[in-house]
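What follows is a short report on a single structure.
The values are calculated or read from the model by the stated rules, or taken from the named source; none is laboratory data. Computed from a predicted model, the values in this text were never measured in an experiment. Ideal geometry is used to build each Cβ from the backbone, glycine not excepted, and the neighbour counts take in all protein chains shown. For accessibility, only protein heavy atoms count, side chains too; no ligands or nucleic acids. Shrake-Rupley method; radii C 1.70, N 1.55, O 1.52, S 1.80 Å.
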4 protein chains.
Amino acid sequence: MFRASEMLSAHPRQPELDAAVLARCIEECFACAQACTSCADACLGESNVQELVKCIRLNEDCKTACLATGEMLSRQTGADWGVLRAQLEACRQACATCAAECEKHAGHMEHCRVCADACRSCERACEELLSAIAA
Amino acid sequence: MFRASEMLSAHPRQPELDAAVLARCIEECFACAQACTSCADACLGESNVQELVKCIRLNEDCKTACLATGEMLSRQTGADWGVLRAQLEACRQACATCAAECEKHAGHMEHCRVCADACRSCERACEELLSAIAA
Amino acid sequence: MFRASEMLSAHPRQPELDAAVLARCIEECFACAQACTSCADACLGESNVQELVKCIRLNEDCKTACLATGEMLSRQTGADWGVLRAQLEACRQACATCAAECEKHAGHMEHCRVCADACRSCERACEELLSAIAA
Amino acid sequence: MFRASEMLSAHPRQPELDAAVLARCIEECFACAQACTSCADACLGESNVQELVKCIRLNEDCKTACLATGEMLSRQTGADWGVLRAQLEACRQACATCAAECEKHAGHMEHCRVCADACRSCERACEELLSAIAA
């Protein structure tokens with residue numbers, strides 16, 4: 001369903017770094033944002049919501065950071081890599097923090113297990129892209 | 001990469017309507033938002049940007065409406081269907097309007113062709129979900 | 001702190017409608033989005049969070065709709081008023097629905113009282129702008 | 001119009017840092033996001049849009065980072081200060097970079113002058129909050 005690779009290869013200005021790494025990170029950011037929004041809402045629907053307050057909060061922050069990062073990375077014209085690096089770093093940290101919390105509940109709540117996967121996958125994609133930028 | 005279906009089936013409160021139709025619409029909204037962000041940026045990188053001003057604007061609005069809709073549909077706890085229906089209608093209209101503009105440039109700009117596809121696909125998904133809600 | 005009026009009067013293309021009504025609606029949308037984000041989070045911090053699930057959900061949706069609308073209204077170049085009207089209608093409805101829920105708790109929770117005010121104020125600004133567009 | 005201070009003082013969990021500094025940063029983030037959205041659009045409406053491509057891009061990124069930061073700071077329940085610090089740092093950098101670009105055009109384009117002011121004001125608010133967190 002995602003067309004990030006197609007869009008990047010049709011772009012008049014080719015990215016200065018590995019387009020596959022970039023496309024993967026963009027897609028992971030949007031997919032993780034969706035999973036976190038859904039996990040926050042699923043936690044809110046659980047009978048023990050009181051115990052899930054921290055999880056909901058970290059889900060919400062991870063969603064916000066991922067959406068911002070996915071959007072910023074989708075732009076290649078006149079990119080400022082200092083700004084993108086800082087945003088990627090914030091996203092990587094939000095994903096790692098949310099994943100660690102969701103993993104605590106992953107054994108008994110499937111939505112936290114799936115969401116933790118999405119966060120870890122996005123965290124790795126951010127790390128890979130940060131390495132590619134540094135190179 | 002998307003986990004919208006998995007997240008929906010792991011949700012403590014099952015959606016009141018066809019989960020597959022809902023999951024597809026959520027995924028199309030995020031994928032269309034990504035394509036529109038990328039298309040606006042690709043247009044901005046073209047040498048004839050002056051002629052693409054309307055396309056950039058409609059891309060930006062479509063991205064904004066799609067992100068809002070994808071996020072709102074990802075929440076199933078305590079949903080208000082009147083609000084969701086109105087947001088879906090706004091999204092459907094933004095997609096149709098953006099697609100019509102991108103289609104004008106699709107013959108000579110690949111990013112507009114791919115983006116028009118994303119918009120039409122999301123427009124159809126919104127229509128399907130609107131029908132499912134009305135049923 | 002807002003500079004929406006200044007920005008509108010410095011814009012190369014003057015809005016086709018009353019700039020003061022437009023500026024007010026833009027500012028109300030962003031201010032309401034902030035209040036709703038804060039109210040959802042305050043509800044999450046209450047000891048009776050279980051009873052506030054619907055309020056949190058409607059706050060989140062109102063925030064999302066308001067942000068999308070404030071952003072779309074901030075753009076005047078190549079505006080499509082059909083799309084804007086539909087988004088404004090979605091926002092008006094989200095504000096009215098969220099306000100009605102917050103008002104139920106306004107007597108004993110100050111954050112719901114302040115948030116209900118923000119929602120009603122934004123709802124009115126959307127109505128005024130919808131009338132201005134129709135004229 | 002903003003109610004960030006009122007919302008913070010009505011919150012069941014008081015922020016661990018100076019509430020006035022926090023409220024100011026939240027408000028500056030949303031106001032800067034509005035100014036940047038408007039400036040990108042005003043640039044797009046100028047006859048020399050080709051020369052403003054970098055400005056539009058940096059406006060868009062600054063808007064995205066500011067919205068994300070304003071939203072994340074509006075949440076006080078279960079806050080993770082490592083994540084917030086990283087996002088604030090990304091926002092501070094996006095503001096500084098966008099301001100520097102807008103200042104180049106501020107002499108002949110009023111919207112860039114007003115937007116540069118908004119960016120510098122938000123940059124300072126981020127710095128102040130970063131200092132308060134470190135303290």
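Only Lys, Arg, Asp and Glu carry charge here, each on its Cβ (+1 for the first two, -1 for the last two); on that basis chain C has a dipole of about 140 debye about its Cα centre. Inter-copy label distances at D:Asn48, using a point 7 Å along Cα-to-Cβ, come to 2.4, 6.2, 6.4 nm with the shortest given first.
The D and B chains share an interface that buries close to 800 Å² of accessible area, total over both sides, probe 1.4 Å. For region C:26-42, the residues whose amide N sits under 17 Å from a probe point set 7 Å from the Cα of C:Ser5 along the beta carbon direction are C:26-31.
Looking at chain C, the pairs of alpha carbons with a distance over 23 Å make up 33% of the total. Rolling a 1.4 Å probe over the protein heavy atoms of chain D, with every protein chain left in place, gives an accessible area that is 47 percent carbon and sulfur. Once Rh for region C:1-76 is found with the Kirkwood sum over Cα pairs, what is the Stokes-Einstein diffusion coefficient at 20 °C and 1.002 mPa s, in µm²/s? My calculation gives 157 µm²/s for D. For chain D, hydrophobic long helices are taken as DSSP H runs at least 18 Å long by C-alpha position along their axis with mean Kyte-Doolittle hydropathy of 0.0 or more; these are D:19-44, D:53-73, D:110-134.
Rg then Dmax, both in Å and based on the Cα atoms of the protein assembly as shown: 20.8, 61. In a reduced charge model with +1 at each Lys and Arg Cβ and -1 at each Asp and Glu Cβ, the protein assembly as shown shows a dipole moment near 0 debye about its Cα centre. Residues of region C:2-31 buried by at least 50 Å² of accessible area upon assembly of all protein chains, compared with the chain on its own (1.4 Å probe): C:Phe2, C:Arg3, C:Met7, C:Ala10, C:Pro12, C:Phe30. Sorting C:109-119, A:99-109 by average packing, meaning the other beta carbons within 10 Å per residue, from highest down gives C:109-119, A:99-109. Measuring how big region D:65-128 is from its alpha-carbon positions, Rg and Dmax come out at 13.3, 46 Å. Ranking C:Met7, C:Ala42, C:Cys32 by Cα position along the charge dipole of region C:1-50, where only Lys, Arg, Asp and Glu carry charges on their C-beta atoms, puts C:Met7 farthest toward the positive end.
In this structure, the pairs whose alpha-carbon distance is over 27 Å, taken from B:Lys63/D:Lys54; C:Lys63/D:Lys63; B:Lys63/D:Lys104; C:Lys63/D:Lys54; A:Lys63/B:Lys63; B:Lys54/D:Lys63, are B:Lys63/D:Lys104; C:Lys63/D:Lys54. Label-point spacing at C:His108 relative to the other copies reads 2.8, 6.4, 6.7 nm, in ascending order, each point sitting 7 Å out from Cα along Cα→Cβ.
Over chain C, accessible surface divided per residue gives 30 Å², non-protein components excluded, 1.4 Å probe. Take the Cβ atoms of A:Ser47 and B:Trp81, set R0 to 22 Å, and the FRET efficiency comes out at 0.40.
Chain C versus the axis that turns it onto chain A: the residue with the nearest Cβ and the distance in whole Å amount to C:Val49, 3.
Its Cα centre serving as origin, region B:13-88 has a Cβ charge dipole (Lys and Arg +1, Asp and Glu -1) of approximately 160 debye. The mean of 1/r over all pairs of different alpha-carbon atoms in region B:57-97, once inverted, gives a Kirkwood hydrodynamic radius of 10.4 Å.
Note on chain C: with a GNM built from Cα contacts shorter than 10 Å, the maximum mean-square fluctuation among C:Asp80, C:Asp18, C:Asp61 falls on C:Asp80.
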